[in-house]
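K.L.:
Before anything else, here's the structure in question.
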Amino acid sequence: QVQLVESGGGLVQPGGSLRLSCAASGSIFSSYIMAWYRQAPGKQRELVAIITSGGSTDYANSVKGRFTISRDNAKNTVYLQMNSLKPEDTAVYYCNARSLHNNYWGQGTQVTVSS
């Protein structure tokens, strides 16, 4: 069993930055593929960024060049650095951990980009 707790969301002006954190506990964090998803009001949940156990990353086209996903296996934590934020980045951001047989979600953290 894996428990995921997100933090770091909030209100930021367009062009600003935020760093989200997701602390994991309860299992072998380093073996999991970690990802960030987001869900805006009235829209489906979408994949934002993903990082494998080996450190390979991939991003949604809408955030490439602005967001960076990273992980610290010693701290059981995955991060999402978000720069040059836009109003369309406003959403609840969810942390996800997956393995061959398991799939876990955090409770989400709200990110609002507005002037």
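K.L.:
Under 14 Å from the Cβ of D89, count the other residues' Cβ atoms, weight Lys and Arg +1, Asp and Glu -1, and hand me the total.
P.N.:
+4
K.L.:
Taking 8 Å as the Cα distance limit and 6 or more residues as the minimum spacing, I'd like the relative contact order of the chain as a percentage.
P.N.:
So the answer I get is 37 percent.
K.L.:
Pulled fully out, how much extra length does the chain show between S30 and N103, if you take 0.36 nm times their separation in residues and subtract their Cα-Cα distance?
P.N.:
Contour length minus the Cα-Cα distance gives 24.8 nm.
K.L.:
So, one more: Nearest 5 is fine: what % of DSSP beta bridges in the range 8-115 come out antiparallel, could you say?
P.N.:
90
K.L.:
Can you give me the accessible area per residue for the chain, using a 1.4 Å probe, in Å²?
P.N.:
With all protein chains present, the chain gives 52 Å² per residue.
K.L.:
Report the residue, chosen from S30, S56, S21, that carries the largest GNM mean-square fluctuation when the chain is represented by alpha-carbon nodes joined by springs under 10 Å.
P.N.:
Between S30, S56, S21, it is S56 that shows the largest mean-square fluctuation.
K.L.:
Per the 1.4 Å probe, what fraction of the accessible area of the chain, in percent, lies on carbon and sulfur atoms?
P.N.:
The value for the chain is 48 percent carbon and sulfur by accessible area.
K.L.:
What does the charge count near K43 come to, summing +1 for each Lys or Arg and -1 for each Asp or Glu among other residues with Cβ under 14 Å from its Cβ?
P.N.:
Net charge around K43: -1.
The values are calculated or read from the model by the stated rules, or taken from the named source; none is laboratory data. None of these values were measured; they are calculated from a predicted model. Glycine also receives a Cβ, built like all others from the backbone with ideal geometry; neighbour counts cover every protein chain displayed. Side chains are part of the model used for accessible areas, which takes the heavy atoms of the whole protein and leaves out ligands, DNA and RNA. Shrake-Rupley method; radii C 1.70, N 1.55, O 1.52, S 1.80 Å.
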